[in-house]
Amino acid sequence: MEIRDQVVIVTGAASGLGRATAVAVAHAGARAVVIADLDAAGAEATAELVRKAGAEPLVVQTDLAEIDQLRRMFSETEKHFGRLDILVNNAAIAEGEVDWPDVDPEQAARVVDVNLRGTILATRLAIDVLQRNGGGRILNVASGGAFQPSLPQAAYVGTKAGIVHFSRSCEGLKESHGIHVSCLCPGMIDTPGFAKLDREGGRPAWLQESVDAYEMLQPEEVAAKLVEVLQDPECAGKVEIISGGPRQA
């Protein structure tokens with residue numbers, strides 16, 4: 001399944017894995033990349049990288065927790081490019097510098113709204129747009145944490161587990177709607193998001209053992225795997241796991 005000449009939306013594309021993904025699909029030949037994120041300055045920086053990689057960028061400032069803003073993301077995409085071919089549901093947040101269960105209830109609610117509710121609603125809205133062009137692809141980014149319970153990040157890993165099951169449940173959309181839904185579950189990625197898990201901008205104590213034991217993934221290598229999954233003609237219902245190997249002694 002080609003990415004060349006396709007119109008792609010990448011959510012959470014202002015930094016980290018989202019930025020790397022936007023650039024990777026541009027290098028893979030995408031005609032246009034929609035950069036959906038709340039961080040306007042970061043999104044514009046990503047847009048410049050996408051442009052240099054050969055695709056036309058469009059920045060749509062979007063809060064994934066707000067359905068009206070999701071609707072606008074899709075309408076702006078169709079208005080500018082006339083179609084949508086691929087949606088990458090990447091945007092996500094975690095508990096932050098205060099661990100579960102001490103995190104504010106409002107922040108816990110936002111974790112659910114952005115990560116799980118946002119993925120489900122974006123998928124639902126994308127189906128209508130993709131069907132108008134005969135189908136397409138949706139790739140949901142979950143996490144290796146979906147399979148590993150974690151008390152400090154209980155809300156986060158709970159939403160990621162939900163995304164895995166939701167993606168698997170959408171396998172039948174290939175036959176009914178011509179839409180291939182798949183899921184990528186990366187391990188620890190060396191992104192700015194890690195700094196938001198600790199008040200001092202470092203890595204929290206509960207995570208240090210894993211950091212010491214395993215190599216962290218780089219956003220670019222995860223983005224390359226994401227492109228590989230999108231190009232797989234049998235990607236419907238597939239859940240791919242990518243993780244760093246053990247650190248060398």
If you go through the range 55-71 one residue at a time, do you hit one that is of a type in the set (A, V, I, L, M) and out of contact with any helix residue (DSSP H, G or I) (no Cβ under 8 Å at 6 or more places or on another chain)? no
In the range 1-22, the residues that are surrounded by fewer than 24 Cβ atoms within 10 Å (Cβ to Cβ), under 14 Å from residue 223 (Cα atoms) and of a type in the set (A, V, I, L, M): 3
Expected output for the range 154-167 (first residue farther than 15 Å from residue 240 by Cβ, partner acidic (Asp, Glu), Cβ below 7 Å, 6+ apart or cross-chain) is 155/95; 156/95
Pairs, please: C-beta under 6 Å, at least 6 apart or cross-chain, first residue without any contact (Cβ under 8 Å) to a residue 40 or more places away in the chain and within 21 Å of residue 1 (Cα to Cα) and in the range 30-55, second open to solvent by 50 Å² or more (accessible area, probe 1.4 Å) and not hydroxyl-bearing (Ser, Thr, Tyr)? 53/27
Top-ranked residue of the range 146-163 - restricted to ones that are assigned to a helix (DSSP H, G or I) and within 14 Å of residue 188 (Cβ to Cβ), ranked as most open to solvent (accessible area, probe 1.4 Å): 147
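The values are calculated or read from the model by the stated rules, or taken from the named source; none is laboratory data. It should be emphasised that the depicted structure is a prediction, and the values quoted were computed from it without experimental measurement. Every residue, glycine among them, receives a Cβ derived from its backbone with ideal geometry; neighbour counts consider all protein chains shown. Surface areas here come from the heavy atoms of the whole protein model, side chains and all, with no ligands, DNA or RNA. Shrake-Rupley method; radii C 1.70, N 1.55, O 1.52, S 1.80 Å.
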